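Just so it is clear, none of the values below were taken in a lab; they were calculated from the coordinates. Keep in mind the model is a prediction, meaning the values are calculated, not measured. Cβ sites come from the backbone with ideal geometry, for glycine too, and all protein chains shown count toward neighbours.
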Amino acid sequence: MYGPNFTDTSNGYRKYISERSFMDYFYVNELARNVDGYKKSCYYYKEKDDSAGNIGKLKAGPVWDFDWAWKDIWDCSIFQATDGSGWSHHINDCSTDNYSPGWMIRFLQDTTFANELNCRWFDLRRNILDTTYMFHYIDSMTAYLNEAQQRHYAYWGHMGAATGTPEIQGPRQTYQQEIDSLKSWITRRIVWMDANMPGTLNGCSFTSVNELPAQNTTPVNTYPNPFTNEINFSIYQDRPENISVTLMNALGQEVITPLSIRGNTGTNYVNVPLPEDLAEGIYVMRIQSGNRVWTQTMVH
């Protein structure tokens, strides 16, 4: 990596690492402005070499340890900024308890890597890193965890109290304030990252890097599961198609009036309201887009 020919496509660092995994690791930790993501709380693993002699690549992940993330903290000037600015992979610019190996700094000295990083970032910003998508998911989890958070704070009694992280802002006083603060912080952070992402979009082909359908067995994501009073799902379409939805109980009986909407090209977000008297149990959601059909077992 630190040799003079490190960008060589045949014998440079690309021969040994999965670029895409390191890019995704970058996005997750930088979006969260994770203090620990590069200096100590990081994992890597190597794929096995195959029988044909191909070298198994080194991959970044899984990601973990976000207790000092998603907020402004009194740790280093990088993380104090309340405008969402600062790169976590510059942790070595701080006086820190552990120092990063600096791999990301080196990767970004490769113009090709930086441009690919930029290209993939703005592709993901059109779908799973779009704030509408993220906030829709946060809202669904907020509703799902509402009863649990009440029991949590009643037992531990620390709502409105600082709990260890040296956070700049004062503790929020309610559950909803916590949610609103998180969304506000994400908005500031993602605006800064859009404006400061390394690399350029020159020569970028969104089609070549958009992996949303390929990353999953289907381009459909349903949440929350288990559900309470509603179900949300996102569905990716490569062309406008009608989307129809129904929900059936364990006996195969429809429990909602079938929903039909016109879907657009790209990622569509759909909310499915449910009857208030829906019995607890196992359900099957059926989603059809054009001639494609997906079913998902759901728990209520």
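Working out 0.36 nm times the residue gap between residue 201 and residue 126, then minus their Cα-Cα distance, what length gain in nm do you get to one decimal? Display every interim value, and only then the final one.
Values: separation 75, 0.36 × 75 = 27.00 nm, distance 1.44 nm.
Using 0.36 nm per residue and subtracting the Cα-Cα distance, I get 25.6 nm.
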* To do: Express in nm, to one decimal, how much length is gained between residue 264 and residue 64 on full extension, taking 0.36 nm for each residue of separation and deducting their alpha carbon distance.
  => 68.5 nm
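Given a Förster distance of 25 angstrom, what is the FRET efficiency for residue 177 paired with residue 155, based on the Cβ-Cβ distance and rounded to 0.05?
Calculated transfer efficiency: 0.80.
Can you tell me how the range 212-299 classifies by the Cα gyration tensor, rounded, prolate or oblate, using a/c under 1.5 as the rounded cut? Numbers along the way, then the final one.
Values: a/c = 1.94, a/b = 1.69, b/c = 1.14.
Verdict is prolate for the range 212-299.
Calculate for the chain the 222 nm mean residue ellipticity that helices alone would give, adding -39,500 (n - 2.57) per DSSP H run of length 4 or more and normalising by residue count, nearest 500 deg cm²/dmol. List each step's numbers first, then the result.
Details: 9 runs with 91 residues, N = 300.
That calculation yields -9000 deg cm²/dmol at 222 nm.
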* Rounded Å value of the spacing that divides the Cα centres of the range 1-21 and the range 111-153 -> 30 Å
* If you take the beta carbon distance between residue 135 and residue 274 as r and set R0 to 25 Å, what does 1/(1 + (r/R0)^6) give as a FRET efficiency, to the nearest 0.05? -> 0.75
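Could you tell me which of rounded, prolate or oblate describes the range 1-114, using a ≥ b ≥ c as the square roots of the eigenvalues of the alpha-carbon gyration tensor, with rounded for a/c under 1.5 and, failing that, prolate when a/b is larger than b/c and oblate otherwise? Let's see the in-between values first.
Values: a/c = 2.52, a/b = 1.84, b/c = 1.36.
Note, shape of the range 1-114 comes out prolate.
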* Label-point separation in nm, residue 94 to residue 194, each point 7 Å along Cα→Cβ -> 2.6 nm
* Tabulate in residue order the Karplus-calculated ³J(HN,Hα) for the range 145-159, using 6.51 cos²θ - 1.76 cosθ + 1.60 with θ = phi - 60°, rounded to whole Hz; enter x for Gly and Pro. => 8, 4, 5, 5, 5, 5, 5, 4, 6, 5, 6, 8, x, 10, 4
* To do: Kindly count the pairs of lysines across the chain whose alpha carbons are less than 16 Å apart, treating pairs on different chains or eight or more residues apart as eligible.
  => 9
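In a shell of Cβ-Cβ distance under 15 Å around residue 226, excluding residue 226 itself, what net charge do Lys and Arg (+1) and Asp and Glu (-1) give? Provide the component values of the computation, followed by the final result.
Numbers: positive: none; negative: 147, 230, 280.
Within the 15 Å Cβ shell, the charges total -3.
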* To do: Starting from the amide H of residue 267, placed 1.01 Å from N in the peptide plane, find each other amide H under 5 Å away whose residue is 5 or more places distant or on another chain.
  => 237
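Please identify every one of the chymotrypsin sites (Phe, Trp or Tyr not before Pro) in the range 1-47 that sits in a loop by DSSP and has no more than 12 other beta carbons within 10 Å of its own beta carbon. List each step's numbers first, then the result.
On the way: sites: 2, 6, 13, 16, 22, 25, 26, 27, 38, 43, 44, 45; in loops: 2, 6, 16, 38, 43.
Sites meeting the loop and neighbour criteria: 2, 43.
When only Cα pairs under 8 Å and 6 or more residues apart are kept, what is the percent relative contact order across the range 76-177? Intermediate results must be reported in sequence, preceding the final value.
On the way: 43 pairs, mean separation 12.8, N = 102.
It comes to 13 percent, rounded to a whole number.
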* Asked: In nm, to one decimal, how far is the residue 108 label point from the residue 44 one, both placed 7 Å along Cα→Cβ?
  -> 1.8 nm
* Among (1) 23.6; (2) 19.2; (3) 22.0, the entry that matches Kirkwood radius over Cα pairs in Å as calculated here -> (3)
* Asked: So what J values fall out for the range 19-24 if you push phi through Karplus, 6.51 cos²θ - 1.76 cosθ + 1.60 with θ = phi - 60°, rounded to Hz, Gly and Pro as x?
  -> 4, 4, 5, 6, 5, 5
* Estimated FRET transfer efficiency (residue 74, residue 229; beta-carbon r; R0 45 Å; 0.05) -> 0.65
